[in-house]
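Have a look at the structure below before the remarks.
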Amino acid sequence: MNDELGAPTISAGRRVRNFVREAVSDNEVDFTTGPIGRALGLLAIPMMLEMAMEAIFALVDIIFVSRLGTNAVAAVGITEALITVLYAVAIGFGMGVTAMISRRIGAKDNDGAARVAGQAIWIGAILATFIGLFGASYARELLALMGAREGVIAEGHGYTAVLLGGSASIIYLFLLNAAFRGAGDAPVALRSLTLANLINIVLDPCLIFGLGPFPELGVTGAAVATTIGRGTGVLYLGFVLFAAKGRLRFSLRHASFDFAIIRRLVSISIGGVGQFLIATASWIAIMRIVALYGSAPVAAYTIALRLIEFALLPAWGLGNAAATLVGQNLGARKPERASQSVWQAARYNATFMLVLGVLLIIFAPYIVSFFSVDPEILRYGTSCLRILGLGYPMYAVGMIIIQALNGAGDTRTPSLLNFVCFWMIQIPLAYALATGLDFGPNGVFWSIVISESVLTVLGVLVFRRGRWKIQQV
């Protein structure tokens, strides 16, 4: 087809495909200029896919390990709880890395951005050495501390030892991906996780069941496969970093130890670690309240959470994109453009989550029935999805605002907001509604909607005050 001037027109579908192709390919786009919507899309698409790749790791492991029996599955579940602390540290430091690098890239200080990446390598080495040695040496004791039975410890301690002993692969995957995201090179992070997942998917059954020339390692094989996959992803990131072909022009001189940068990076990252730990600890408390009503509500809540986690992946990707845009535009001394980016991302996210929430409310029974036909689980799971679905637009805005504050380098304010909303509001309210007013598990679900909505309102008020615009990183 041609337009009125005789030029060929491109269909909407073709434009979308071209845009997605550009988003997942290396590009030299300056995210501090041009249309904000385009910048958000180019950053968000690879970040959304990256989040999906990260979620696939645990899913693949549990699919194969479930064939080994209850003890193996329990070992994976308990180890995942231990790894949550490691994730908190890695994600928290990743927030600091993204904030500092995005600010310097926006200011066209590529040398300064590369120096931050160099210090992230030092921090990763220190963390990995301590956690790796401790985890590998005390795997049995850690499982026992988490309440694992003797059979679980006997069968699963190898899985725990390998996963914690190879913590460098987890830490560096988070830190280096955060560096590339902050620089605006999100496709690099996506490719690293895609590569890591492909290797894990291939090696998992081979090492667990001893296919072909591979040894049969049982549940330990899942940890070996995951560590090799993640490690390969890290090697790819290192290759790209030292190739210095993207926005991060890195060389060995940038890896020289710089205590001032490390101190600043630690200072910013502590708030990020706190955010994750506060949220995780509150989730454990909420689960304990749900558990007062038996195994059916716990199973229903667990199923609902897994569904919600996957549903929120695109929203998290958009939040990460907003964080990068905030950091880069503040670095370019364009605070108003940074603010506009956040509000535009919030509108996109709210629209997406509103549609998703409506779909969950309508189709909740059918979705839960795909995982369980137990009448009690169906009843509680349907209620959980429908109640939580009502708050989706509020969650959407809150996620963007919190990530924007993190991107500006203000990680302490979100930590404080998390503590107030989760520990001072959500947990007491959940107990009061569930037991005091006899709402049962539904009272717990309502407390989540209410506390998350309060978090959004407080976050918006803090964001409007604008102090994040002068945050030093």
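The values are calculated or read from the model by the stated rules, or taken from the named source; none is laboratory data. Quantities reported herein were computed from a predicted structural model and do not represent experimental measurements. So basically every Cβ, Gly included, is an ideal-geometry build from the backbone, and we count neighbours across all protein chains shown.
Odds and ends about this structure:
- Test: S451 is farther than 26 Å from P335 by Cβ and in a helix (DSSP H, G or I): yes
- Residue in segment 318-340 that is touching a Cys at 6+ places or on another chain (Cβ under 9 Å) and either without any contact (Cβ under 8 Å) to a residue 60 or more places away in the chain or of a type outside the set (K, R) (or both) present: no
- When F363, F371 are checked against the criterion of being assigned to a loop (DSSP other than H, G, I, E, B) and either within 27 Å of the chain's Cα centre (by Cα) or aliphatic (A, V, I, L, M) (or both), F371 stands alone in meeting it.
- When each of L252, L265, L330, L318 is tested for being closer than 29 Å to G184 by Cα, aliphatic (A, V, I, L, M) and in contact with a Leu (Cβ under 9 Å, 6 or more places away or on another chain), the lone residue that passes is L318.
- Checked against the criterion of being on the phi < 0 side of the Ramachandran plot, touching a helix residue (DSSP H, G or I) at 6+ places or on another chain (Cβ under 7 Å) and surrounded by fewer than 22 Cβ atoms within 10 Å (Cβ to Cβ), the candidates G112, G156, G212, G182 yield just one match: G112.
- R247 vs. criteria at pLDDT below 95 and not in a helix (DSSP H, G or I): yes
- Set side by side, the residues R249, R230 differ, and just one is among the charged types (D, E, K, R), closer than 21 Å to E54 by Cα, in the same structural domain as R104 (by TED's automatic domain parsing) and touching a residue at least 24 places away in the same chain (Cβ under 8 Å), which is R230.
- Matching entry among I289, I270 (being within 16 Å of G409 (Cα to Cα), assigned to a helix (DSSP H, G or I) and of a type in the set (V, I, T)): I270
- Residues that are aliphatic (A, V, I, L, M), modelled with pLDDT of 90 or more and surrounded by 24 or more Cβ atoms within 10 Å (Cβ to Cβ) do occur in segment 267-283.
- Total residues in segment 249-264, condition buried (at least 17 other Cβ atoms within 10 Å of the Cβ) and in contact with a Phe, Trp or Tyr (Cβ under 7 Å, 6 or more places away or on another chain): 2
- For segment 454-473, a residue qualifies if it is touching a helix residue (DSSP H, G or I) at 6+ places or on another chain (Cβ under 9 Å), part of a helix (DSSP H, G or I) and not basic (K, R), and the qualifying residues are V454, L455, T456, V457, L458, G459, V460, V462, F463, W468, I470.
- Qualifying residue in segment 378-391 (condition: in the same structural domain as L313 (by TED's automatic domain parsing), touching a residue at least 12 places away in the same chain (Cβ under 8 Å) and not in a helix (DSSP H, G or I)): yes
- Within segment 451-473, considering residues that are hydrophobic (A, V, I, L, M, F, W, C) and under 18 Å from L325 (Cα atoms), the one farthest from the chain's Cα centre (by Cα): I470
- Here the helices (runs of 4 or more DSSP H) wholly within segment 1-119 that include at least 1 residues being closer than 30 Å to A144 by Cα, within 23 Å of the chain's Cα centre (by Cα) and without any contact (Cβ under 8 Å) to a residue 40 or more places away in the chain are 36-65, 70-106.
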